[in-house]
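Dropping a structure here in structure tokens format, bear with me for questions.
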Amino acid sequence: MSSKADVWQGTLTLMVLRTLETIGPQHGYGLARRIEQTSGDKLALNYGTLYPALLKLEQEGYIRSRWGVSENNRRAKFYELTKAGHRQATKAAAEWEQATEILARFLTPATEA
Amino acid sequence: MRKLRALWMQLLSMLFRGGKEQDFTAELEAHIALCIDDGLRAGLTESEARRQAIIRLGGAEQVRQAHRERRVLLWLENLAQDLRYSLRTFRRSPGFTVTAVLTLGLGIGACTAIFSLVNAVLIRSLPYGNPQKLVYFFAPAPHIKAVPAEALFPGYADLIDIRQQNRSFQNITAYEQTMFNLAEQGIVTHVGAAKVDENFFATLQSSPEIGRAIGAEDNQPGRDKVAVISHSLWTSLFAGHVDVLQHSLFREGVSYRIIGVMPPAFEYPFRTDLPYGDSHIKSTQIWIPLALTPKQKAHRTIDDNIVVARSRQGVPLKRAQAEMTAIMAGLAALHNAERGEPERDLGALVEPFLSTSLGPVRPLMNLLLGAVCLVLLIACGNAGNLLLARAAGRARELGVRAALGAGRGRMIRQLLTESLLIGLGGGAVGIALAFLFLQRLPKLDPGNIPRLSEASLDARVLAVALAVSLLTSVFTGVLPALSASSMQLTDFLKTHGTRGHARGHSRLQSSLIVLQTAMVVVLMASAGLLIRSYINIESVDTGFSRSTITMNIALDARYHDPLQSRAFFKNLIPKIGSKPGVSAAGAVSNLPLSNSESLGFFRVEGYPNQKDQMLESRSVTPRYFQAMNIPLLAGRFFTEEDDSDSLRPVIVNERFAKTYFPSRNSIGGHISTDENQNPPHWNTIIGVVADVRHTSLEAEPEPQAYSPNYDFDHASIAVRSELPSQAVVSSIRATLKNIDPTLVLTDIQTMGDLMSQASARRRFQTSLLSTFAGIALILALVGLYGLMAYSVSRRTREVGIRMALGAQRRSILFLVLRGAAALIGIGLVVGLGSTWVATRLLRSFLFGVNEHDPLTVGLVCALLLGCGLMAALFPAYRAASVDPTQALRTE
């Protein structure tokens, strides 16, 4: 566990949006597992922090939720992106890419210069 | 946008909280179940899988809490919780709540009430465009000391020159005050009016709500029979009908076509707008053209006109004053030859309109505001003390909450919520009190404070009341909240939760009491000084009798021949005097205290006469002195024959005799009022009467002279009678109707009424300040009582020990009383120091009493000490009756 990275502040929202965009409607646990898998099991996601983040996104109108049945026949709450959510996912991804690109310039070895 | 949506959702979910909590619990359960499924699939045992699931989640309860906090608006949720909690605690201690709310209510109420007055009088805008630019343009005659500078204005011919020469003023207007006898449907009423030139409305920048204002064409003689009326006359006379412009007003048989109606607030000039205006006119209802004749326009002498000007943009008062001084000096140099003695060398005095019409009331408003601020501070101190005592009483509760993990910020917020609620409650009580005060205001209104009657609880007053409530809440709440929440938790726990509150509490409370006492001393000493001044005014020897009935008769144009008016009064006055029950009747040109004075130059035979020495003079009918009950000191009263006597007899007052006949007998002495004749026509002094306070109750009487006369164009009639004034007046009315049915009696009042009007403002300020001082005293006593009761209850154990060790009950009583006396004593000392400074500001309000009057201050101290000890007596008695065995068992 200790070798795993924590989720950086503010990135969880983006991960949730991108994951939902990729896999479609998913319940909270599935979403958490999927995020861990996507990170190549390098992220230590505290499942508890996922739910307030989901609630915030729902309040902001980026996702909506409804009760459904999971693949192994359990009742669970499924989340899916709204139209605004799709737009927001694209926008946030672009912003993040730009941020990492800028940061990358600082981190690449100075030998190139 | 998205943030707003989220906020809205949070708010909604607070209002409709049903099911949300269960919904999330179900979601969590599903999560855990799914997680366990995965764990089982990976080969864990059921219990291990559950354990892992909960660990990965980070604790179900914590997640639920985090979810809840995100779901709702946390601060609002907390606030609602605090409010609910506060209301619950208030319900548990109604005594505390009611006392605190009422205390603050009294303070806030006093503030709101006085602010509503200040708002009406000083803040609310006047119905004139930019009144800051308006000025009065006086023409003082510095060589005539007896005439105040604000009584004279430049004459018409001078004004025409000033209009052409000046660069400071954008507009200059002149008008005269006049009375209008309105005959409508057989009832004659007297209303104030003004004859105005074409610049009047333009200068004031006020325009009619209906029709048009008086313009240049209306001021042409012959075309001047038009009138603009006030809004209130429009509603009373024409019931607000729109066809008002097709009507006319009739005055002495002449009809004035109505051309305009002014908006509601415009009734300029009010009585208070002019320092020496016509005292019969309270407000102006009709404006008619001045329509000067060519002869009037050529007048270089002082007329009855009043001059108002509007300064040009960017011209400061100083520059306008300098320019006018120069212009008036130039005019004097050119025209002194054509002027009479009094009008030579007229100067210029430019005064802001606002300071003239509001000048005298500004200090009064400041005084009242200062007083209510003190009352509010005392109320705050009281409420603060109550909260402190309560916080100390709740130390256990707060300690338990702190021990259970309540944060300090959260506790302060909770305590402040309580004081906020108390403040708002006080605000509501205060607004209600202010409303009651405004209901009573018409009875208190002295009638000479401009626009006082328009005071109301408008939006600005309510906003100030709310702001004051919030401020007082914070003010009273912060100290108790900080000190209550700053307990040392370990101490609290060590003392088994019996004593946990911070030290210094009681010192803070004591100093609040000391400050309150000091402020009460200041307020009571001020009120005491005003009361003494009022008593002095009331007991002033006015020289006349209060019970004399007076009324005014103004003759119209039909009596312009002196022979006719003389015949009229010679007929009327004796008829009134011979009525059954009437012991004397007389007429006079100007009644005392009627705000009009006739001053003239004079000289005395055989006296080193000064140039410009002046005399108050009055024309009276023979029995005026008996009617007014003015005592004769030497010589004799007038008789019917004196009127036509070639001796030209006069009666002077005592002051005159003492000043001008210091070592001679004044009876038989000669004085003359014509300046230029040589040798003068001498008048012979035949009697000396007592001094009469003519100009005001305050001012010492000046030298006065009376001459016998029956020739008046308007006169005040004084009647002395044993009968009730109603009966006298109606019988006089009948007599007048027989002589001339078109004339009316106006201003019917006793001399006592006139005196009461003259002291009305003093009565107003005295009663308000005394009320505030009374409120302050009661508040301070409640505060003192509260503190003593509280400290006694906290010292029960100590008292018990003292008694167990042999202390007498009496010595316990003294112990408590000594504590109270010490607080009051320090308060008195601080208060006396402040009073010494504060009452100096009162100087202009005092009459016949020194600002450091030892009697007043002594009485205040005695009263405060007495009341204070009374307030402490009950708690002291309770302390003394403590049962030592019981007391030692407590805690």
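Since every read-out is calculated from the coordinates, none of them should be taken as a lab result. If you're wondering where the values come from, they're calculated on a predicted model, not measured in any experiment. A quick note on method: Cβ atoms are made from the backbone with ideal geometry, for glycine too, and the neighbour counts reach across all protein chains shown.
So what is the 222 nm mean residue ellipticity for chain B from helices alone, if each DSSP H run of at least 4 adds -39500 (n - 2.57) and you divide by all residues, rounding to the nearest 500 deg cm²/dmol?
About -17000 deg cm²/dmol.
Within straight cross-link reach of A:LYS42, meaning Cα distance under 29 Å, which lysines are found once same-chain residues fewer than 8 apart are removed?
Cross-link targets: A:LYS4, A:LYS56, A:LYS77, A:LYS91.
Rank the residues A:LYS83, B:LYS297 as a footprinting-exposure proxy: fewest other Cβ atoms within 10 Å of their Cβ go first.
Fewest-to-most ranking of A:LYS83, B:LYS297: A:LYS83, B:LYS297.
Using only the alpha-carbon atoms of the range B:2-72, report the extent along each of the three principal axes, biggest first, to the nearest angstrom.
Extents along the principal axes: 47, 22, 18 Å.
Shifting gears a bit: Semi-axes of the equivalent ellipsoid for the protein assembly as shown, please: Cα gyration tensor eigenvalues, times 5, square-rooted, ordered largest first, whole Å.
82, 42, 25
Right, another one. Restricting to DSSP loop positions (anything but H, G, I, E, B) with no more than 16 other Cβ atoms inside 10 Å of their own Cβ, which trypsin sites (Lys or Arg not before Pro) remain in the range B:644-749?
B:ARG664
Right, something else. For the range B:239-319, build the charge dipole from Cβ charges (+1 Lys, Arg; -1 Asp, Glu) around the Cα centre, then report which of B:VAL308, B:PRO264, B:VAL244 sits farthest towards its positive end.
Most positive-ward Cα: B:VAL308.
Moving to a separate point now. Work out the charge dipole of the protein assembly as shown with +1 on the Cβ of Lys and Arg and -1 on the Cβ of Asp and Glu about the Cα centre, then indicate which of B:PRO580, B:THR684, B:GLY635 is farthest towards its positive end.
B:PRO580
For the range B:1-86, state which trypsin sites (Lys or Arg not before Pro) are in a DSSP loop and have at most 14 other beta carbons lying within 10 Å of their beta carbon.
For trypsin sites (Lys or Arg not before Pro) across the range B:1-86 that sit outside H, G, I, E and B with at most 14 neighbouring Cβ atoms in 10 Å, the list reads B:ARG17.
Nearest-5 percent of antiparallel DSSP beta bridges in the protein assembly as shown?
That works out to approximately 80 percent antiparallel.
Compute the angle between helix B:2-15 and the longest alpha-carbon principal axis of chain B, please, reported from 0 to 90 degrees and rounded to the nearest 10.
So the inclination is approximately 80 degrees.
Now for a separate question. Take every Cα pair under 8 Å in chain B that's 6+ residues apart, average their separations, divide by the length, and report that relative contact order as a whole percent.
14
Rounded to the nearest 10 degrees, what's the angle between the helix B:156-165 long axis and the longest principal axis of chain B, both from Cα atoms, 0 to 90?
Compared with the principal axis, the helix lies near 60 degrees.
Where a Cα-Cα gap under 30 Å defines reach, which lysines qualify for B:LYS579, not counting those fewer than 8 residues away within the same chain?
Answer for B:LYS579, where 30 Å is the Cα cut-off: B:LYS570, B:LYS737, listed by chain and number.
With +1 on the Cβ of every Lys and Arg and -1 on the Cβ of every Asp and Glu, and nothing else charged, how large is the dipole of chain B about its Cα centre, in debye rounded to the nearest 20?
Charge dipole, chain B, about its Cα centre: 4820 debye, nearest 20.
Only helical DSSP H runs with n ≥ 4 go in: add -39500 (n - 2.57) per run for chain A, normalise by residue count and round the 222 nm mean residue ellipticity to 500 deg cm²/dmol.
Calculated from helices alone, the mean residue ellipticity at 222 nm is -18000 deg cm²/dmol.
State the number of lysine pairs found in the range B:140-347 whose Cα atoms come within less than 20 Å, restricting to pairs 8 or more positions apart or on distinct chains.
Here the count comes out as 6.
Same structure, new question: Only Lys, Arg, Asp and Glu count, each charged at its Cβ (+1, +1, -1, -1), so figure out the dipole size of the range B:742-832 about its Cα centre, rounded to 20 debye.
720
Have a look at the DSSP beta bridges in the range B:560-701 and tell me what percent are antiparallel, nearest 5.
Roughly 70 percent of the DSSP beta bridges within the range B:560-701 come out antiparallel.
Pull up the DSSP beta bridges for chain A and report the antiparallel fraction as a percent, rounded to 5.
Restricted to chain A, the bridges split so that about 90 percent are antiparallel.
To test your reading of the geometry: what angle, between 0 and 90 degrees and rounded to tens, separates the Cα axis of helix B:361-393 from the longest principal axis of chain B?
20
In whole Å, how far is the Cα centre of the range B:818-856 from that of the range B:553-568?
59
Here is a follow-up. Loop-only trypsin sites (Lys or Arg not before Pro) in the range B:153-231, please: DSSP not H, G, I, E or B, and at most 15 other Cβ atoms within 10 Å.
The qualifying sites are B:ARG167, B:ARG212, B:ARG223.
Just want the answer: with Cβ charges of +1 for Lys and Arg and -1 for Asp and Glu, which residue in B:PRO884, B:SER545, B:ALA773 is farthest toward the dipole's positive end in the protein assembly as shown?
Checking the options against the dipole of the protein assembly as shown, the answer is B:PRO884.
Continuing with the same structure: Which value, in debye to the nearest 20, gives the size of the charge dipole of the range B:140-347 about its Cα centre, when Lys and Arg are +1 and Asp and Glu are -1 at the Cβ?
Here the range B:140-347 has a charge dipole of around 400 debye.
Using only alpha carbon pairs under 8 Å that are at least six residues apart, calculate the relative contact order of the range B:2-72 and give it in whole percent.
Reported relative contact order: 40 percent.
Something else now. Listing B:ASP197, B:ASP541 from the residue with the fewest other Cβ atoms within 10 Å to the one with the most, what is the order?
B:ASP541, B:ASP197
Here's something else I'd like to know. Starting from the Cα gyration tensor of chain B, take the square roots of the eigenvalues, sort them a ≥ b ≥ c, and report rounded, prolate or oblate (rounded when a/c is under 1.5, otherwise prolate if a/b is larger than b/c, else oblate).
Because a/c hits 1.5 or more and a/b exceeds b/c, chain B counts as prolate.
Sort B:MET803, B:MET324 so the one with the fewest other Cβ atoms within 10 Å of its own Cβ comes first.
In increasing order of surrounding Cβ atoms, one gets B:MET803, B:MET324.
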